[in-house]
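Data first, discussion second: the structure below is written as structure tokens.
The values are calculated or read from the model by the stated rules, or taken from the named source; none is laboratory data. Computed from a predicted structure; not experimentally measured. FYI the Cβ positions are ideal-geometry reconstructions off the backbone, even for glycines, and counts take in every protein chain you see. These accessible areas exclude ligands, DNA and RNA; they are computed on the full protein's heavy atoms, side chains included. Shrake-Rupley method; radii C 1.70, N 1.55, O 1.52, S 1.80 Å.
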Amino acid sequence: MLDINHICKTFNPGTINEKKALQGLDLHLGEGDFVTVIGGNGAGKSTMLNAVAGVWPVDQGSILIDGTDVTGLPEFRRAPFIGRVFQDPMMGTAPNMQIEENLALAYRRGQKRGLRWGVTKKERTFYRERLEILGLGLEDRMTVKASLLSGGQRQALTLLMAALQKPKLLLLDEHT
């Protein structure tokens, strides 16, 4: 499912600010595995997640998701495989878009896009049902901009968005 093979990541190489964040990291997870990574500040936890997500390239090694080598792929090409929740509740949503528009973006992750209605009636019903499960009343506020939600509400919305399309890999950089 996820194979991280001897990846290394150095920030600011060759400078006084050089920081070796990952050094020969290996991790092999099978279908359905759940792993918690624990470490102090600066230990490389978020760096590992960012490397898997494609936020920045690794210096060496390989990353495979469900048998597909994604090592050289940019972040947007990895998106069909990955759902993600960030540490910061203000990340993971488009703040100037409505709740239902954010959900539509997540629902269509990895699909070709064209000109059409942003949210269909069928999708609106689907999103309402999913939001209702959270028990936060967001199903009655679907046209509210994400920026107007509390941090906890945005975090819950981000988690729903990450899991909406049942990704191959769910990265939770948060104690969710």
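Looking only at the stretch 124-137, residues that are open to solvent by 50 Å² or more (accessible area, probe 1.4 Å) and either in a loop (DSSP other than H, G, I, E, B) or within 14 Å of A94 (Cα to Cα) (or both) come to 2 in all.
Within the stretch 138-176, being under 17 Å from R108 (Cβ atoms), in a helix (DSSP H, G or I) and either open to solvent by 30 Å² or more (accessible area, probe 1.4 Å) or touching a residue at least 60 places away in the same chain (Cβ under 8 Å) (or both) holds for L157, T158, M161, A162, A163.
A Cβ distance below 9 Å, combined with a sequence gap of six or more or placement on separate chains, defines the contacts here; from the stretch 23-45, residues that are on the phi > 0 side of the Ramachandran plot and outside any loop (DSSP other than H, G, I, E, B) reach residues that are small (G, A, S) and open to solvent by less than 70 Å² (accessible area, probe 1.4 Å) in the pairs G24/G61. Considering only residues of the stretch 92-114 that are under 22 Å from L172 (Cβ atoms) and at pLDDT below 85, which is surrounded by the fewest Cβ atoms within 10 Å (Cβ to Cβ)? Step by step, filter the stretch 92-114, then rank; the result is G110. Based on what the data block shows, is E139 modelled with pLDDT under 95 and of a type outside the set (G, A, S)? Here the answer is no, as E139 does not meet what is asked. Selection of the stretch 49-91 for residues being open to solvent by 50 Å² or more (accessible area, probe 1.4 Å) and closer than 16 Å to M1 by Cα yields D66, G67, T68, D69, P80.
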